């Protein structure tokens, strides 16, 4: 899952990015409202973490403009203020959640997980496709009762596929949600990681869940 962090305090932005990347998320960072709005408008993000107090275009303005553009990406607002009127203003401009500084990273992470569980249907902590189960909190992957060890990028790819089970996802769509903007992506990167996943998710078992749809992309689906 790909997250945009818009935060003008570089130390905080770097800390959030490093923490989220350790949790397998792909993370891009912008340091002002204008560039944050531009990135959010140009790229497909699964969630935006948006600071309120920034020079130029502030977080309220960025959020309101994105919502006016028809963007429905979940937004968590960060601010040094926690007064009721500031919370109300943030939510009224279209934010989905609000976190006052200083905050613990564990709380931010829990809010991120909660918002990413919302789309389409309530998925809870567990994503399931056939006899394959993925726990988004513990990062544990189990198939047919057997625990499967994945690298962080393999896990991120599998989670994105499972969140979109039954849907055909193009290579470009997968790259935009699983890798960050600065990642060194080669033309066959997705193919390579799909091969890695098949070796762990499908090959040891009787049925294949990962499918290649030639000319279109990939999907995961129980037969």
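Just so it is clear, none of the values below were taken in a lab; they were calculated from the coordinates. Everything numeric in this text was worked out from a predicted model, so none of it was measured.
Assorted remarks:
- Degrees between helix 59-68 axis and first principal axis of the chain (Cα, 0 to 90, nearest 10): 60
- Each Cα pair under 8 Å and six or more residues apart adds its sequence gap; the mean of these over the residue count of segment 141-223 is a relative contact order of 37 percent.
- Geometric extent, Cα atoms of segment 94-223 - Rg, Dmax (angstrom): 15.8, 50
- The helix-only estimate of mean residue ellipticity at 222 nm for the chain, built from DSSP H runs of length n ≥ 4 each weighted as -39500 (n - 2.57), is -12000 deg cm²/dmol after division by the residue total.
- Computed from Cα positions, the angle between helix 189-201 and the longest principal axis of the chain comes to roughly 60 degrees.
- Residue separation of residue 72 and residue 198 scaled by 0.36 nm, minus their Cα-Cα distance, works out to 42.1 nm of gained length.
- Normalised by the number of residues in the chain, the average gap of Cα pairs under 8 Å and 6 or more apart makes the relative contact order 17 percent.
- Span per principal axis, largest first, for the Cα atoms of segment 156-223 (Å): 38, 22, 21
- Counting only alpha carbon atoms, the long axis of helix 152-163 and the longest principal axis of the chain meet at about 90°.
- Rounded to 5, percent antiparallel among DSSP beta bridges of the chain: 45
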